[in-house]
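Accompanying notes for the structure given below.
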Amino acid sequence: MVEVPAAETAEPTAADWAAAVAAVHGLPAGGTVLLVCHVNPDGDALGSMLGMALGLRRLGITQLQATFPGATAGSGDDGYAGPPEVPEPFRWLPGLDLLVPAADAYPAPDLFLCFDAASASRLGGLADRLGTAGAAVVLDHHASNTRFGGIHLVDPGAAATSVVAEGLLNRLEVPLDAEIAQCLYVALATDTGSFRFDMTTPAVHEMAARLIATGISPGVISRRIFDTRPFGAVRLYGDVLQRAKLEPEAAGGVGLVWTYATLDDLARHGQKPYVLEALIDSVRCAAEADVSCVVKQAGPGEWAVSMRSKGAVDVSRVAVALGGGGHRLAAGFTGRGSVDDVIGSIRAELRGA
Ligand code: AMP
Ligand code: MN
Ligand code: MN
């Protein structure tokens, strides 16, 4: 029998929830709250953070900031004033007005909450607030969570960090409204792959029902976050899928399918990096491979790697071995060197999987 360490499976205890509630209730008058989500935020990171921020605003907390590593000031030129690092599909989310550039974030907030980050490194330079804040609450659902921070609301059984966020809002007696619900729904829909993945439990659908009951429109939200991208991105996908490679012998014979996209590819089609987030979904459908992988250039010799498994391989083990993290069926890491170097390191780890 495989022994799973308690920390990897345990839900937050009653004492953990009570500590988080006490940290909010214990804020001094005019106390400052900083909410941070992981670098290159996805729908769960942004949605759970903004949903919680709106909930705290409903409690009458006014000194509130939300940010993420790399967030800068928006120009407002295109009618959108927020950080340009927020992917376009999420630029309509309620609560974006609470976002500040990372450089302007409270240096020593009374309360620090972080979202969807499995390790402190995912918070970039903002991780220093773990030391300077009055209290630090970690809301997350990664089995690979390193248990950084003071108060742990980490539930590896939760489909999204927004499940944990709803749990805290509920205990703070903040009623769901349509704005909070939009944020939490985006997070839930993102991390369950539109309610398709295995962790789509009855509890997930019950939460979705509570959110939809506030009057939000799942059809409008899904179209915005899943089914809308620039025409240039459609053409870019063509190029990148064209060069996909299938290695049926890899991963002990269950197979690997992979491709890569460079900054040149993005520039050629006039596209921003976020458009590549959904690329893995087009690659992973190859029936001949259990493991799929997309290697996305982030800078010279630096690659953001997305990995998926259909069940035969634990890709989070591979990602953790290569310095990243994630879940059994979806994980990632930062690769260095050439595409061949990165794929070579994955192949080697898969051999041992
Ligand atoms: P993605 O492929 O970017 O959708 O990420 C899949 C999963 O892997 C998510 O749960 C991420 O949190 C995790 N992940 C991706 N990149 C990294 C990284 N560099 N370090 C730690 N975890 C990561
Ligand atoms: Mn995430
Ligand atoms: Mn998540």
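The values are calculated or read from the model by the stated rules, or taken from the named source; none is laboratory data. Values in this document were obtained by computation on a predicted structure and should not be read as measured data. Don't worry about glycine lacking a Cβ; one is built from the backbone with ideal geometry, like all the others, and counts go over all protein chains shown. What goes into the accessible areas is simple: the full protein's heavy atoms, side chains included, and nothing from ligands, DNA or RNA. Shrake-Rupley method; radii C 1.70, N 1.55, O 1.52, S 1.80 Å.
Here is how the numbers come out for the structure above:
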{"quantity": "Helices (runs of 4 or more DSSP H) lying entirely in region 189-281 (those with 2 or more residues that are free of Cβ contacts under 8 Å to residues at least 60 places away in the same chain, farther than 25 Å from A298 by Cα and in contact with a Lys or Arg (Cβ under 7 Å, 6 or more places away or on another chain))", "calculated": "none"}
{"quantity": "Count of residues meeting criterion [open to solvent by less than 60 Å² (accessible area, probe 1.4 Å), among the charged types (D, E, K, R) and assigned to a strand (DSSP E or B)] in region 290-307", "calculated": "1"}
{"quantity": "Meets criteria (more than 19 Å from V240 (Cα to Cα) and surrounded by 16 or more Cβ atoms within 10 Å (Cβ to Cβ)) for G324", "calculated": "yes"}
{"quantity": "Neighbours by Cβ (under 6 Å, 6+ apart or cross-chain): first from region 112-125, in contact (Cβ under 8 Å) with a residue 40 or more places away in the chain and of a type in the set (A, V, I, L, M, F, W, C); second part of a helix (DSSP H, G or I) and more than 15 Å from ligand 3 (Cβ to nearest atom)", "calculated": "F112/R129"}
{"quantity": "Enumeration of residues in region 126-155 that are outside any loop (DSSP other than H, G, I, E, B) and more than 16 Å from ligand 1 (Cβ to nearest atom)", "calculated": "D128, R129, L130, G131, T132, A135, A136, V137, I151, H152, L153"}
{"quantity": "Identity of the residue in region 204-219, of a type in the set (A, V, I, L, M) and surrounded by 14 or more Cβ atoms within 10 Å (Cβ to Cβ), that ends up farthest from G311 (Cα to Cα)", "calculated": "I216"}
{"quantity": "Of residues in region 180-203 being within 22 Å of A20 (Cβ to Cβ) and away from ligand 2 (no atom under 16 Å from the Cβ), the one surrounded by the most Cβ atoms within 10 Å (Cβ to Cβ)", "calculated": "I180"}
{"quantity": "Scope region 295-318; condition free of Cβ contacts under 8 Å to residues at least 40 places away in the same chain and in contact with a strand residue (DSSP E or B) (Cβ under 7 Å, 6 or more places away or on another chain); matching residues", "calculated": "K296, Q297, A298, G301, E302, S306, M307, R308, S309, V315, V318"}
{"quantity": "Sole exception among (1) crowded, with 16+ Cβ neighbours inside 10 Å; (2) closer than 22 Å to S194 by Cα for A287, by number", "calculated": "(1)"}
{"quantity": "Test for S345: is it closer than 24 Å to A117 by Cβ, over 20 Å from the mean Cα position of the chain (by Cα), without any contact (Cβ under 8 Å) to a residue 24 or more places away in the chain and open to solvent by 10 Å² or more (accessible area, probe 1.4 Å)", "calculated": "yes"}
{"quantity": "First in region 161-183 and assigned to a helix (DSSP H, G or I), second anywhere and open to solvent by 20 Å² or more (accessible area, probe 1.4 Å), Cβ under 6 Å, 6 or more apart", "calculated": "V164/D155; R171/W17; R171/V21; A178/T214; A178/G215; A181/T214"}
{"quantity": "Yes/no for T214 being under 26 Å from W92 (Cα atoms) and in contact with a helix residue (DSSP H, G or I) (Cβ under 6 Å, 6 or more places away or on another chain)", "calculated": "yes"}
{"quantity": "Selected residue (only one of G352, G270, G326 is touching a helix residue (DSSP H, G or I) at 6+ places or on another chain (Cβ under 7 Å) and either modelled with pLDDT under 95 or acidic (D, E) (or both))", "calculated": "G326"}
{"quantity": "Count of region 10-49 residues which are on the phi > 0 side of the Ramachandran plot and within 16 Å of ligand 2 (Cβ to nearest atom)", "calculated": "1"}
{"quantity": "Of the criteria (1) over 21 Å from K272 (Cα atoms); (2) open to solvent by less than 10 Å² (accessible area, probe 1.4 Å); (3) in contact with a strand residue (DSSP E or B) (Cβ under 7 Å, 6 or more places away or on another chain), which one G134 fails", "calculated": "(2)"}
